[in-house]
Amino acid sequence: MGSHISNVRPAPDQLIVDLADYVLNAQIQSDEAYDTARWCLADTLACGIMALAYPACTKLLGPIVPGTSITNGSRVPGTSYELDPVQGAFNIGTIVRWLDFNDTWLAAEWGHPSDNLGAILATADWLSRNAAAGTTPAAFSSPLTAHRSALTIKDVLTAMIKAHEVQGVLALENSFNRVGLDHVILVRIASTAVTAAMLGGNREQVINAISHAWLDGSALRTYRHSPNTGSRKSWAAGDATSRAVRLALTAMTGEMGYPSVLTAKTWGFQDVSFKSNTVKLARPLGSYVMEQILFKILFPAEFHAQTAVECAMTLHPHVQDRLDQIERVEMITHESAIRIIDKSGPLNNPADRDHCLQYMAAIGLIFGSLTADHYEDKVAADPRIDALRAKMVVTEEKQFSIDYLDPEKRSIANAIQVFFKDGTKTEKIEVHFPIGHRRRRSEGIPVLQQKAHAAFAAHFGADKATQLMALFSDQAKLAAMPVHEFVTQFVR
């Protein structure tokens, strides 16, 4: 007799259960996590508002079918759009990620945990507006909305902390990019988990929703790497957050889940997409990631290059009048930077340029600054940039790579030294921790506040920007604010 495949439905994979129990039950006690989340919210919204100046981004926004509308829908900051929460998540997630200026998490798998705000804010705003209007669908009656008219920003901050934690802890030892999958898979997992909980899902529904998120597999990284680098990398997170909201809403209907989606032999995620490696949590889930998060504060640069650009800007006064005398530029970096953003040859578009270590450093050396406009074609046509790129020599410093992987240091070190044709040279400038690092938090937060104010002022005007920044000045007052009232302050 032949063997038969057992059709006994197994218990849900333990990792999925752990994620569900965390998003449903964990009580966040860390004042540091909530304080960091407050400024993360300001920073993330600022990044989204800045992106609205770029037509390549705004052409993707609005309802998926032009002319459609929804009552009490999710509002998109900086715009007049009112959308269903799925498309709202796509819009918010897209503007947040567009300029590559929001926070970063570097581990075995890197990513940008504030990408999850697309799902969190769209869902919270939609629930909050309907709760305030007395129209929240009974199927989505949530513990968060059952006893008050609307969700509060405290609920948003809690969801942000939990989404950061799910994405970041999964990233510590599971490298999806090493098997060709894009890191936005973790945005979809984290956003699905917290969104299902925000919708009032019970334990089974949240587990089912998370199983669907794994079932989707992942986008390929093709759009992040030469010779295919392109603008999809700027809306991939928006796509992930919108998919997460859709899956969470689907689970709320009672749709079944797939308990061994990770571990099923032959057909599960681990065997099909992860080379039979085990997906695991590297540490207990708490508030570690939000506390340790890396902010991009001074300039929109891929994070492995943040300290390199700081070095270049420091050297700018010493080289700006001697660019034609430069013989070579020595750049010392860590392994991940070499693997991800060490790039030669033509750079075809802004997405290509903002993932080129040499291009970003050249901009810093030539101009003494780096903005999103420096990635555009008009600036890239400056012949000095490619001439300087051609003189750059990139090497790895082993200790930089070791310190990058050290969970206590979490450094992202780079060094630059410029050598001239007459035999002279600049000082070797070395920076281990960017200004957005936890070790420089007291220095970084005031600069983050300046970044946010400038972003809001450019879009809304100086007076309105001051009013918006005032929303973040009092932690307790902000936490108690109804979500829809907060978001309304940011719409046009």
Prolate/oblate/rounded label for region 401-470 (Cα gyration tensor, a/c 1.5) = oblate
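Could you tell me which trypsin sites (Lys or Arg not before Pro) in region 280-344 are loop residues by DSSP with no more than 10 other beta carbons within 10 angstrom of their beta carbon?
On the way: sites: Lys280, Lys296, Arg322, Arg328, Arg339, Lys343; in loops: Lys280, Lys296, Arg322, Lys343.
Listed in order of number, the matching sites amount to none.
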message = With the crude spin-label approximation of a point 7 Å out along Cα→Cβ, what separation in nm comes out for Asp382 versus Asp321?
response = 1.8 nm
task = Can you grab the distance from the C-alpha centre of region 416-473 to the C-alpha centre of region 246-307, Å, no decimals?
result = 29 Å
query = Past the 25 Å Cα-Cα mark, which pairs from Lys391/Lys425; Lys162/Lys296; Lys162/Lys275; Lys343/Lys451; Lys451/Lys477; Lys162/Lys477?
reply = Lys162/Lys275; Lys343/Lys451
request  = For the chain, find the longest principal axis of its Cα atoms and tell me its angle to the long axis of helix 117-133, 0 to 90°, nearest 10.
outcome  = 40 degrees
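Using the crude model of +1 on Lys and Arg Cβ and -1 on Asp and Glu Cβ, and no other charge, please compute the dipole size for the chain relative to its Cα centre, in debye to 20. Working shown, then result.
Numbers: 46 positive and 51 negative charges, 104 e Å.
It works out to roughly 500 debye.
So if I take the alpha carbon set of region 1-106, get Rg, then get Rh from the Kirkwood formula, what is the Rg over Rh ratio? Each step should come with its number before you reach the end.
Working: Rg = 20.5 Å, Rh = 17.4 Å.
Ratio of gyration radius to Kirkwood radius: 1.18.
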remark   = Length gained if Gln450 through Asn7 is fully extended, taking 0.36 nm per residue and subtracting the Cα-Cα distance, is 153.6 nm
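To the nearest 0.05, what FRET efficiency results for Ser175 and Ser344 with a Förster distance of 35 Å applied to their C-beta separation?
Numbers: r = 25 Å, r/R0 = 0.71.
According to the calculation, E is roughly 0.90.
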task = Show which aspartates and glutamates lie in cross-link reach of Lys421 when reach means a straight Cα distance below 15 angstrom and same-chain residues fewer than eight apart are skipped.
result = Asp321, Asp324, Glu327, Glu330
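Decide, for region 240-346, between rounded, prolate and oblate: order the square roots of the alpha carbon gyration tensor eigenvalues as a ≥ b ≥ c, take rounded if a/c falls under 1.5, and otherwise choose prolate if a/b is larger than b/c, else oblate.
Working: a/c = 3.01, a/b = 2.38, b/c = 1.26.
It is prolate, given that a/c is not under 1.5 and a/b is the larger ratio.
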request  = Please work out the C-alpha center-to-center distance from region 343-415 to region 73-124 and express it in whole Å.
outcome  = 26 Å
query = Got a sec? Charge dipole of region 331-487, +1 on Cβ for Lys and Arg, -1 for Asp and Glu; which of Ile429, Leu347, Leu388 is way out at the positive end?
reply = Ile429
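No value in this document is a laboratory result; all are computed from the given coordinates. What you see is a predicted model, and the numbers here were worked out from it, not measured in a lab. As a convention, Cβ positions derive from the backbone with ideal geometry for all residues, glycine included, and neighbour counts pool all protein chains shown.
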